[in-house]
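**Student:** The structure follows.
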There are 4 protein chains.
Amino acid sequence: MCRWLAYLGSPIPLEDVLVRPNHSLIDQSLLARNLYLPHDPRAAQFRRSAFPTNGDGFGVAWRGRGGTIGQYRQIEPAWDSQNLRHLAAQIESGCFLAHVRAAPGGTIAEQNCHPFVHGGWMFQHNGEINGFSALKRELTLDVDPGLYPSILGNSDSEACFYLALSFGLAEDPVGALTRMVARVEQARRDRGVTAPFRATMCASDGAQLVVLRWVSPDVAGAQAPTLFHSAGATALRTIDGGEERLPPDAQLIVSEPLELHWSAHTWQEVATGTIGVFRPGEAPVFTSIELAV
Amino acid sequence: MCRWLAYLGSPIPLEDVLVRPNHSLIDQSLLARNLYLPHDPRAAQFRRSAFPTNGDGFGVAWRGRGGTIGQYRQIEPAWDSQNLRHLAAQIESGCFLAHVRAAPGGTIAEQNCHPFVHGGWMFQHNGEINGFSALKRELTLDVDPGLYPSILGNSDSEACFYLALSFGLAEDPVGALTRMVARVEQARRDRGVTAPFRATMCASDGAQLVVLRWVSPDVAGAQAPTLFHSAGATALRTIDGGEERLPPDAQLIVSEPLELHWSAHTWQEVATGTIGVFRPGEAPVFTSIELAV
Amino acid sequence: MCRWLAYLGSPIPLEDVLVRPNHSLIDQSLLARNLYLPHDPRAAQFRRSAFPTNGDGFGVAWRGRGGTIGQYRQIEPAWDSQNLRHLAAQIESGCFLAHVRAAPGGTIAEQNCHPFVHGGWMFQHNGEINGFSALKRELTLDVDPGLYPSILGNSDSEACFYLALSFGLAEDPVGALTRMVARVEQARRDRGVTAPFRATMCASDGAQLVVLRWVSPDVAGAQAPTLFHSAGATALRTIDGGEERLPPDAQLIVSEPLELHWSAHTWQEVATGTIGVFRPGEAPVFTSIELAV
Amino acid sequence: MCRWLAYLGSPIPLEDVLVRPNHSLIDQSLLARNLYLPHDPRAAQFRRSAFPTNGDGFGVAWRGRGGTIGQYRQIEPAWDSQNLRHLAAQIESGCFLAHVRAAPGGTIAEQNCHPFVHGGWMFQHNGEINGFSALKRELTLDVDPGLYPSILGNSDSEACFYLALSFGLAEDPVGALTRMVARVEQARRDRGVTAPFRATMCASDGAQLVVLRWVSPDVAGAQAPTLFHSAGATALRTIDGGEERLPPDAQLIVSEPLELHWSAHTWQEVATGTIGVFRPGEAPVFTSIELAV
């Protein structure tokens, strides 16, 4: 269970959402709150209360100089990283993704840290494909052979990204993400995996944010990871007791709100089973994920 | 707030206490339980419930080949470290110290990870010298000039170790540790520091364990960090639901018991204000810390 | 271009070959000498004289407690690692592999550090499959589906290991390694790769060392990476000007001799195109690699 | 022996000097060339040809947003760091310092990586105070008590920086650096250290570069580390065979030129025993270091 955020709007220094809010992403690296884990088989491994720690790596990707994409990833925890604080204070961007990782039993490597970046797209994920080790080979085989060698890590998240790229992410983001979800669900059925595929994801080309919230519909009681988007003016309470105003055009999508106490008016839940597209100066457009049967 | 353990007895693989118990030191790295923090000014920084994470480094030191002392330290968290699991499975010792670090606001460096090793002695600490930045210079000046260049990090813990070495740790461990505590308390008085010096410490030459529990007596309501020692036969419940028996001569001293559910019969609290000396095959001897006035 | 060594014989502390000789593996991490690179296209990238640095990671695997295999890997360079020096001084083994990595343009990750360990076997490699990114997908597809999810990194070396495991390494090491070489060569032909596959490899189950030296025979002038084995009594000159005697039954296989000045009497070259099997107390047996056409 | 560079001029992306030139700082991390080491006692430790590797860490500090100073440091080698390449491509600055570290026998820690930053000043060093462990205590005692707790590492370089800060770096950079050199030389005399203090240093407040080149004058044959500054228009040959032009107002000071083949017309040596001050749009001003006797 990881935590992520994505920002679109007038350029701001990254620290305005990564560091300064009283429940910033750095704070969530040490103690996340909004977690639905009671039915997750992995919860038992670490006992419920241990899961809130997202200390297995950090990453950020952003629209940078001349439309290129910048990327920074580290395996050390976010909370005490001096590099992270300095970079967040110095780098400004109008479109960025950031992620803190929890990888119980997983592989700790810079290459497994989100966001992943390839071909002008950034991508991050919270959740998991349960039973991934049984599905990994066939899912990876469906990755475009030209893209296959660019896979550097061994995570389910990176496999999802390369499937989406193979299915046309650049041309049709909503369609490509839908096909990726369908492909994973098919693999689950083919292999008889009964535990759910759970995901919140964000893909971006630096101009728009495409987000997804999903849980396998065949698993009774399974819940998707949480996902919220900001609605209306966003004034965030800061760690020093003050308040900061984000630009009027700021759009934020987050695993959990950046404030310890928050209102459902300003942080709205993204519905499970939908894909949302956020573009500058427009209201987000949500589409239901319909899997062809 | 860190967590540590120390073992003395017939040689065992380190994993028997670091990894296998259901509340092993690795488990404590992700979620420690026995914490007294309500009056600690540093608690506010991270909010109480965030403090149980000890993810800022790990270390172990042990009596090794031919009486030499081995040491391994890393800044990455203990919980998912493959190296740690392998080393704990392969290395056997009859005397070792292990430590998981929480360093809110501190400096993340291998050199600041415990246990420290110098001149045939190992040393580890949980707690803090409040106001250390104001006291550091004068305390460090009292370190023997011949030892001074061996200080590699910048922590209060390492300063305490080198003070104890300077005050005769090798010849008179109980006396040296007492003089170190007295020196720190004097510095607090000289500088008017009102927040307490809190410590559980363990020093060892590979043949004995010398442990200390302390809190500044002038601070009303201040509590020492927790410290327990095993009493009688130790059978530990393991993470896989079984039970393992440590050797009959095993002596364990721990920040908190290695079991999620434990009995005060088998885990006895070390009294605040005392130094305990544990030797093979003998009952521990406790001495009150009396500061000359 | 990496450097490795493998040891079989009476148990010794790892430091006797990793640290103490005057051209130990640690020394080779900073400045390797025996390199044939003039015809290698990758040499141009870093200019010939830059290549001797093997600073992209270190690893060791060894036959440990109760016949299990221990493993330690790190991405930091070997030369100044305190952990490495401590572990090498404390761990004794009668069968171990050690490796320092040079990965120009490659992916720096603990998971890409050698030796790899799976199913009771250790494996390490020096050299490269030129054009690997074009061959990777089909080679990986030939890995046994049950083994596929255990691949953690993205290197050509790990692919070779899992191919050999898939081809029966445990039952028939010489046959499995031969089939692996044949499979890689076939992939080169199928894809029209003209640059050579170059390799020295070592596989071990803790009881024997199976080593291989290879270069694609179709590439005029291409040379295999160097490989030597010790012959007769081995007395190594040490970094402090002394000399240490290894046990009489010691067998060493190395990318380059562990001494700055050495004799071809005591360090014999392994012939290109052969596989050598080293067993305790026996003379090594060499077999030519014959690829079925 | 480390390598560093400093830039002052119109803002450029850091990669223009860190990555793109054919002997960029990244290239120098793997193979530096201009080294005077024959008389240095430390050379024997690693043999002359091994010394060119600067793989013990990397760092950069720059004038950033709103006049603040940014800082990034890592212990992993520069040459294969993806983070470094990304940051160098994205961050632009008109004043920055960058450093690759070689620390034979030293302590590998982020806190020992240059540039150091404190109180609006950046600082980096190449060279060493021979016999530092004997001098460290008294030199550190001369650091202003208010600055003392900010020392995080254990290197001679950081001690020099804090001495310079204590001696008035902010008010009188040339005077403060001169007093720092004098203080170190006095300590050498007091302790009878016969091996030289060797240094090239750069201090900057983001508006000017103050550089220093020094070797103890009492040691016959001792040579200062190399130091060059650019003179006139700077067109650098790039790693891909092209050429890039730096801004007309660019001023560069480097341990060695950023080109494999270079002219003494465009890269002029800084005289040993001088301090140079570089300000925007002005010719550098050099002052002899005169130690009061």
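**Student:** Can you pull the mean other chain C-beta count within 10 Å for peptide A:125-135?
**Tutor:** For this peptide, the per-residue mean of nearby foreign Cβ atoms is 1.
**Student:** For D:Asn154, what charge total do you get from the other residues with a beta carbon under 13 Å from its beta carbon, if Lys and Arg give +1 and Asp and Glu give -1?
**Tutor:** Residues near D:Asn154 contribute -3 overall.
**Student:** Over the whole of C:81-90, what's the average partner chain Cβ count within 10 Å per residue? Rounded to a whole number, please.
**Tutor:** 6
**Student:** Rounded if a/c is under 1.5, else prolate if a/b is larger than b/c, else oblate: which is the protein assembly as shown, with a ≥ b ≥ c the root eigenvalues of its Cα gyration tensor?
**Tutor:** rounded
**Student:** Roughly how many Å is it from the Cα centre of segment C:272-293 to that of segment C:135-214, as a whole number?
**Tutor:** Segment C:272-293 and segment C:135-214 have Cα centres separated by 16 Å.
**Student:** In straight Cα distance, which lysines are under 25 Å from C:Lys136, not counting same-chain residues fewer than 8 positions off?
**Tutor:** Filter leaves A:Lys136.
**Student:** Also: For chain C, calculate the relative contact order in percent as a whole number, restricting contacts to Cα pairs under 8 Å that are 6 or more residues apart.
**Tutor:** 22
**Student:** Taking θ = phi - 60°, what integer Hz values does the Karplus form 6.51 cos²θ - 1.76 cosθ + 1.60 yield along segment C:65-78, in sequence order, with x for Gly and Pro?
**Tutor:** So the Karplus estimates, Gly and Pro as x, are 4, x, x, 6, 10, x, 8, 9, 9, 8, 8, 6, x, 6 Hz.
**Student:** Does chain A come out rounded, prolate or oblate by the C-alpha gyration tensor, with a ≥ b ≥ c the root eigenvalues, rounded set by a/c under 1.5 and, if not, prolate when a/b is larger than b/c and oblate if not?
**Tutor:** In terms of gyration-tensor shape, rounded.
**Student:** Over segment D:184-229, what is the relative contact order in percent, taking alpha-carbon pairs closer than 8 angstrom and at least six residues apart?
**Tutor:** 34
**Student:** Count, for each residue of D:69-79, the Cβ atoms from other chains sitting within 10 Å of its Cβ, then give me the mean as a whole number.
**Tutor:** What the average comes to for D:69-79 is 5.
**Student:** Once a ≥ b ≥ c are taken as the square roots of the eigenvalues of the Cα gyration tensor of segment B:164-245, is the result rounded (a/c under 1.5), prolate (a/b larger than b/c) or oblate (a/b not larger than b/c)?
**Tutor:** oblate
**Student:** Placing a label point 7 Å from Cα toward Cβ, how far apart in nm is C:Gly281 from its equivalents in the other copies, listed shortest first to one decimal?
**Tutor:** Between copies, matching label points for C:Gly281 lie 3.7, 8.5, 8.6 nm apart.
**Student:** In Å², what does the accessible area per residue of chain B work out to with a 1.4 Å probe?
**Tutor:** 34
**Student:** Sticking with this one: Of the residues A:Ala207, A:Ala283, A:Ala164, which exhibits the maximal mean-square fluctuation in a Gaussian network model of chain A defined by a 10 Å Cα contact cut-off?
**Tutor:** In the Gaussian network model the winner is A:Ala283.
**Student:** Now for a separate question. Nearest the rotation axis from A to C, which residue of chain A has its beta carbon, and at what whole-angstrom distance?
**Tutor:** Nearest Cβ to the rotation axis, residue and whole-Å distance: A:Ala109, 2.
**Student:** Let me ask another. Rounded to the nearest 0.05, what FRET efficiency do C:Gln223 and B:Arg65 give with R0 = 30 Å and r taken as the Cβ-Cβ distance? Could you check?
**Tutor:** 0.15
**Student:** Got a sec? Charge dipole of segment A:3-288, +1 on Cβ for Lys and Arg, -1 for Asp and Glu; which of A:Gly119, A:Gln268, A:Pro196 is way out at the positive end?
**Tutor:** So the residue furthest toward the plus end is A:Pro196.
**Student:** For A:Asp144, place a label point 7 Å from Cα along the Cα-to-Cβ direction in every copy; what are the distances to the other copies, in nm, shortest first?
**Tutor:** Counterpart label points of A:Asp144 in the remaining copies fall at 3.4, 5.9, 6.8 nm.
**Student:** Also, quick follow-up: Nm distances between the label at B:Gly241 and the same-position labels in the remaining copies, 7 Å along Cα→Cβ, shortest first?
**Tutor:** Ordered by increasing distance: 5.1, 6.5, 6.7 nm.
**Student:** Defining a contact as two alpha carbons under 8 Å apart and six or more residues distant in sequence, what relative contact order in percent does segment B:63-119 show?
**Tutor:** 46
**Student:** Please get the size of the charge dipole for chain C, origin at its Cα centre, with Cβ charges of +1 on Lys and Arg and -1 on Asp and Glu, quoted in debye to the nearest 20.
**Tutor:** Roughly 480 debye, rounded to the nearest 20.
**Student:** Within segment A:175-207, what residues put their amide N at less than 11 Å from the label point 7 Å along the Cα-to-Cβ vector of A:Ala292?
**Tutor:** Taking a point 7 Å out along Cα→Cβ of A:Ala292, the residues of segment A:175-207 whose backbone N falls under 11 Å are A:179.
**Student:** Take the alpha carbon atoms of segment C:73-122, find their center, do the same for segment B:220-247, and report the distance between the two centers in whole angstrom.
**Tutor:** Distance between centres, Cα-based: 34 Å.
**Student:** For segment A:3-288, what % of the accessible area comes from carbon and sulfur atoms, probe 1.4 Å?
**Tutor:** 50
**Student:** Now for a different question. Starting from 0 in steps of 10 Å, tell me what percent of the Cα-Cα pairs of segment C:88-164 lands in each bin.
**Tutor:** Whole-percent P(r) values from 0 Å outward: 16, 50, 27, 7, 0.
**Student:** On to the next question. When Lys and Arg each count +1 and Asp and Glu each count -1, what net charge do the other residues less than 12 Å away from D:Ile275, Cβ to Cβ, add up to?
**Tutor:** 0
**Student:** In addition: Once label points are set 7 Å from the Cα along Cα→Cβ at both D:Glu171 and B:Ala233, what is their separation, rounded to one decimal in nm?
**Tutor:** The two pseudo-label positions are separated by 7.5 nm.
The values are calculated or read from the model by the stated rules, or taken from the named source; none is laboratory data. Here the structure is a predicted model, which means the values were calculated and not measured. A quick note on method: Cβ atoms are made from the backbone with ideal geometry, for glycine too, and the neighbour counts reach across all protein chains shown. Only protein heavy atoms, including side chains, enter the accessible area calculation; ligands, DNA and RNA are left aside. Shrake-Rupley method; radii C 1.70, N 1.55, O 1.52, S 1.80 Å.
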